[in-house]
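S.K.: One structure, as structure tokens, below. Some questions next.
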Amino acid sequence: MRYKKAPLAWGTCLLMVMVSCVAPQPAVQTSKSTDIYGAGVIHHPVIVDMDVRNEKVTGSESGTVNDNQEALKQQAIANVLKEHGADVLVEPVFERKPNGGSKVIWYVTGYPAFYKNFRQATTADLPLLEAGVLQRATVAEVSKGPEPKKSGAAAAVIAVLVLVGVAVAAVTTGGG
């Protein structure tokens, strides 16, 4: 009689193991953005002045020779901008140095600049527009690459437990 409840007990144990092996998923946030140039966007031209500092600043990012080198350079810029609270790095100069084995460090040096005085363009700004003095900052999106693949160890453990549970259930119900 006592063996008739064994499959239920094994099933409960198996369910607990399966539920406990589930890793929590990180929250996902999405956002939408659009550039002010392009189809479907109508706007009045906006002019912004920049306060460019006289002192050069330096930032860095490390990685390996197998990483996306352009992404490392862009991350070096992002690091220096964040460190100095700047909006744009003017005249960036890059230098790549080895860091032992396949590791590298990208250094970037430039002038930090800060946006100020956003305003609508006026007719007084037309000569600057025509001369091409006004520039548009380059925007780069950096992805650090795909996330590493997770091991199949949890799936293998679950599969073994299921097989053991089925075998034990078959033995206990067959002998009852």
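S.K.: Report ³J(HN,Hα) in whole Hz for each residue of region 65-72, in order, from the Karplus equation J = 6.51 cos²θ - 1.76 cosθ + 1.60 where θ = phi - 60°; Gly and Pro get x.
M.R.: Here the 3J(HN,Hα) series is 5, 7, 6, 5, 5, 5, 5, 5 Hz.
S.K.: Hey, another quick one. Apply the Karplus curve 6.51 cos²θ - 1.76 cosθ + 1.60, θ = phi - 60°, to the phi angles in region 43-52 and return the couplings in whole Hz, x for Gly and Pro.
M.R.: Result, rounded to whole Hz: 8, 7, x, 10, 10, 9, 8, 10, 9, 9.
S.K.: Right, another one. Just want the answer: with Cβ charges of +1 for Lys and Arg and -1 for Asp and Glu, which residue in 106, 128, 74 is farthest toward the dipole's positive end in region 43-144?
M.R.: Farthest towards the positive end: 106.
S.K.: Restricted to Cα positions, what overall size does region 43-144 have along the principal axes? Three whole-Å values, descending.
M.R.: The principal-axis extents, from largest down, are 58, 27, 22 Å.
S.K.: Which residues does a label at residue 114 reach in region 72-102, if reach means a backbone N under 19 Å from a point 7 Å past the Cα toward the Cβ?
M.R.: Hits in region 72-102 for residue 114 at 19 Å: 78-91.
S.K.: List the residues, sorted by chain then number, that are 5 or more residues from residue 104 or on another chain and whose placed amide H is less than 5 Å from its amide H.
M.R.: Distant-sequence amide H within range of residue 104: 63, 64, 65, 99.
S.K.: Ranked highest first by average number of other Cβ atoms within 10 Å, how do 104-113, 49-58, 78-87, 119-128 line up?
M.R.: Going from most to least packed, we get 104-113, 78-87, 49-58, 119-128.
S.K.: Thinking of region 59-102 as a set of Cα atoms, what percent of all their pairs are more than 17 Å apart?
M.R.: Looking at region 59-102, the distances longer than 17 Å represent 33 percent of pairs.
The numbers here are math on the coordinates, done by the rules we state, and not lab data. Treat the numbers as computed from the prediction; the structure is a model and nothing was measured. Because the Cβ atoms are built from the backbone with ideal geometry, glycine has one as well, and the counts that use them run over all protein chains shown.
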